[in-house]
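S.K.: Below are the structure tokens for one structure; questions will follow.
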Amino acid sequence: EFRININRAAPLGVDAGVPKKSTNIPFFLDLNFCHNFIELVSLPYSYENIQIEVKGKRVLESFLKQKKGIVFITGHFGAWEILGQWIARKVPLFVGVAQKQKNKGAHNFFINQRELAGTKHIIRGNS
């Protein structure tokens with residue numbers, strides 16, 4: 001079931017150099033992490049050149065017009081940094097729950113990168 005969920009969440013294409021149905025889960029997870037990390041370190045510049053499709057955008061806009069709050073629940077998987085940038089630029093206040101990193105330099109780096117778009121943080125415990 002894990003492999004089925006991985007392939008549903010982020011099927012890889014030929015451009016990524018691997019078949020659409022990945023059988024090498026550790027490779028897939030490393031590739032996904034590296035891609036997301038590169039996007040994070042190049043924010044906000046990388047965001048300007050990315051075209052994204054947001055499913056449920058109309059629902060979000062409808063709630064915002066009604067001045068209602070929204071709770072997004074997502075896993076730490078996929079292009080969540082890019083989603084965070086998109087949301088922070090579209091809504092008046094976007095707050096994410098972040099795990100405090102043991103390494104203070106890394107912690108400050110991640111928080112600062114996310115706050116470039118206006119994301120606020122609730123810090124939760126130690127990693």
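FYI, it's all coordinate maths here, none of it is from the lab. Note that this is a predicted model, so its numbers are computed, not measured. Cβ placement follows ideal geometry from the backbone for every residue including glycine, while neighbour counts extend to all protein chains displayed.
S.K.: DSSP loop (so not H, G, I, E, B), at most 13 other Cβ within 10 Å: list which trypsin sites (Lys or Arg not before Pro) in region 56-127 pass both filters.
M.R.: Counting only loop positions with at most 13 other Cβ atoms within 10 Å, the trypsin sites (Lys or Arg not before Pro) in region 56-127 are Lys67, Lys68, Lys102.
S.K.: Separate question: Taking the Cα atoms of region 46-127, what is the range of coordinates along each of the three principal axes, in descending order and whole Å?
M.R.: 40, 29, 21
S.K.: Okay, moving on. Out of residues 5 or more away from Gln99 or on other chains, whose amide H comes under 5 Å of its own, with H placed 1.01 Å from N in the peptide plane?
M.R.: Distant-sequence amide H within range of Gln99: Arg124.
S.K.: Shifting gears a bit: Checking the cross-link filter: which lysines have an alpha carbon closer than 30 Å to that of Lys90, excluding same-chain neighbours under 8 positions apart?
M.R.: Lys55, Lys57, Lys65, Lys67, Lys68, Lys100, Lys104, Lys120
S.K.: Quick one: net charge of Val41's neighbours, Cβ under 14 Å, K/R +1, D/E -1?
M.R.: -1
S.K.: Test of the criteria: in region 30-127, which GluC sites (Glu not before Pro) are in a DSSP loop and have at most 11 other Cβ atoms within 10 angstrom of their Cβ?
M.R.: Glu53
S.K.: Next question, about the same structure. First select every other residue whose beta carbon is under 10 angstrom from the beta carbon of Phe94; then total the charges, Lys and Arg +1, Asp and Glu -1.
M.R.: With Lys, Arg at +1 and Asp, Glu at -1, the neighbours total +4.
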